[in-house]
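Enquirer: Starting off with a structure, shown below.
The values are calculated or read from the model by the stated rules, or taken from the named source; none is laboratory data. Please read these numbers as outputs of a predicted model, since none were measured by experiment. Cβ: placed from backbone, ideal geometry, glycine included. Neighbour counts: every protein chain shown.
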Amino acid sequence: MKHKRTTLSVLAAAAVLTTAGAAWYTTLDTPAGEGPPSGAHGLCLPATDTDEDKAGYAHTIALVSVDRTVVYREESADAGGALVSAVTILQPLKGTPPKQMTVGQSVLQAGSGYAMTKPAYLPLEPGHRYVVGIVPDSDYGDGWIWFATTADSDPAAATARWTRAVARQIAPHPDPACTDLVVTPTPAR
């Protein structure tokens, strides 16, 4: 009989602690007077680890020559902004882009120039050639640069690399390492 009472006491204590812990956890990020979050939404971007991933997401891939910088836009208080450039399409590798395009890209300011925000995301500089992947975005003219790799030293090798990537492109899929979430609070009553 003593064994039953001890077991029941332990189970009752565990139930109380579990309930209290769950209630505490639910209110961790909940402002006072509001209930638990009503939903969570992922902000994950498609995987871009490989050339094939990038090729699958970009609507247009082309060898381009950068004609000029159109404008640099500060878009927030954070470091960096959007660099808008005019480019000439030298060789389309995916899609059917117009001969001339205006495209935007995210850059960091570095002294008198711009710095890349990711290794495969070189800032476009006038007078240089790149292979770029572009996604539609009318806020920046004809699109947004999804990736930019140099083609100055060997345009033939650069176009061969991206022609292979287009031939083996992978449909866009979420990055498995992504954990970004936005929690939508429950409206106050």
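Enquirer: For the range 91-102, state whether one or more residues are assigned by TED's automatic domain parsing to the domain that holds Ala55, of a type in the set (A, V, I, L, M), closer than 14 Å to Val64 by Cα and over 16 Å from the mean Cα position of the chain (by Cα).
Expert: Within the range 91-102, one or more residues are assigned by TED's automatic domain parsing to the domain that holds Ala55, of a type in the set (A, V, I, L, M), closer than 14 Å to Val64 by Cα and over 16 Å from the mean Cα position of the chain (by Cα).
Enquirer: Let me ask you something else. Looking only at the range 123-175, which residues are touching a residue at least 60 places away in the same chain (Cβ under 8 Å), among the β-branched types (Val, Ile, Thr) and within 22 Å of Gly81 (Cβ to Cβ)?
Expert: Answer for the range 123-175, where residues must be touching a residue at least 60 places away in the same chain (Cβ under 8 Å), among the β-branched types (Val, Ile, Thr) and within 22 Å of Gly81 (Cβ to Cβ): Val132, Ile134, Val135.
The rows are residues; the columns are (1) under 19 Å from the mean Cα position of the chain (by Cα); (2) at pLDDT below 95.
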{"position": "Tyr130", "(1), (2)": "no, no"}
{"position": "Thr150", "(1), (2)": "no, yes"}
{"position": "Ala160", "(1), (2)": "no, no"}
{"position": "Pro172", "(1), (2)": "yes, yes"}
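Enquirer: Check Thr48 against each of (1) at pLDDT below 95; (2) part of a strand (DSSP E or B); (3) closer than 29 Å to Arg161 by Cβ and name the one condition it does not meet.
Expert: Single failed check for Thr48: (2).
Enquirer: Could you tell me whether any residue of the range 60-76 is of a type in the set (Lys, Arg) and either within 28 Å of Gln169 (Cβ to Cβ) or at pLDDT 95 or above (or both)?
Expert: Yes; the residues of the range 60-76 include at least one that is of a type in the set (Lys, Arg) and either within 28 Å of Gln169 (Cβ to Cβ) or at pLDDT 95 or above (or both).
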